[in-house]
Amino acid sequence: MSINPDLQGRSYPAAEVYDVGREKIREFAKAVKATNQAHYDVETARALGHRDLVAPPTFAIIVAQRADAQLVEDPEAGIDFSRVVHADQRFTHHRPIVAGDRLVAELHVDGVRAMGGGAMITTRSEIFALADGDNREKVATTTSSILVRGEGQ
């Protein structure tokens, strides 16, 4: 199956909420070998002006990949995940992610470019923290590029 070129411009709405917990931050920080004590100790984080533990910058990937899954699982996309190679990932932070945040991500397909028998797909996840009512605060923007290898590649 080939990649659907009409994916460009498509958006996927925010789906499930990701609740950021202290232990999730600590586990992620340990996994990426982050040493700043604001990732582990609440008092240190508060002394730096945060309301709770602050996540390492790359923590946003957890929420972004959940949004990316909507695209990969969309039968109209034509993506065989076994043929996917992650090409690039970028983060723009609008504010730190902290324990207690309830995050959602909207996924936007910004580009689909044929490459040989495959395609390069560029996506953007807009990550928001949910607040009271329908209020949302922009937390991060992630941009990702994946290469979907064609048959025989």
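The values are calculated or read from the model by the stated rules, or taken from the named source; none is laboratory data. This structure is a prediction, so every number in the text was calculated from the model and none was measured. Here the Cβ positions follow ideal geometry from the backbone for every residue, glycine too, while neighbour counts run over all protein chains shown. Heavy atoms of the whole protein, side chains included, go into the accessibility calculation; ligands, DNA and RNA do not. Shrake-Rupley method; radii C 1.70, N 1.55, O 1.52, S 1.80 Å.
To the nearest ten degrees, helix 60-73 and the longest principal axis of the Cα atoms of the chain are 30 degrees apart. Based on C-alpha pairs under 8 angstrom that are at least 6 apart in sequence, the chain has a relative contact order of 29 percent.
For the range 1-124, with all protein chains in place and a probe radius of 1.4 Å, 52% of the accessible heavy-atom surface sits on carbon or sulfur. Principal-axis analysis of the Cα atoms of the chain puts helix 22-31 at an angle of about 60° to the longest axis.
Within the assembled protein chains, the solvent-accessible surface assigned to Val17 is about 50 Å², based on a 1.4 Å probe.
Note on the chain: with a GNM built from Cα contacts shorter than 10 Å, the maximum mean-square fluctuation among Gly117, Gly78, Gly100 falls on Gly117. Going by Cα centres, the range 31-76 and the range 130-144 are how many Å apart? Spelled out, the Cα-based centre of one part sits 14 Å from the other. For the range 104-140, GluC sites (Glu not before Pro) meeting the loop criterion (DSSP other than H, G, I, E, B) and having at most 13 other Cβ atoms within 10 Å: none.
When you filter the GluC sites (Glu not before Pro) in the range 33-91 for DSSP loop state and at most 11 other Cβ atoms inside 10 Å of their Cβ, you are left with Glu76. Positive end of the dipole of the range 1-56 (Cβ unit charges, origin at the Cα centre): among Thr44, Pro13, Ile25, the Cα lying farthest that way belongs to Thr44. Counting only DSSP H runs of at least 4 residues, each contributing -39500 (n - 2.57), and dividing by the residue count of the chain, the helix-based mean residue ellipticity at 222 nm comes to -6000 deg cm²/dmol. Its relative contact order, with pairs defined as Cα atoms under 8 Å and 6+ residues apart, puts the range 19-79 at 24 percent.
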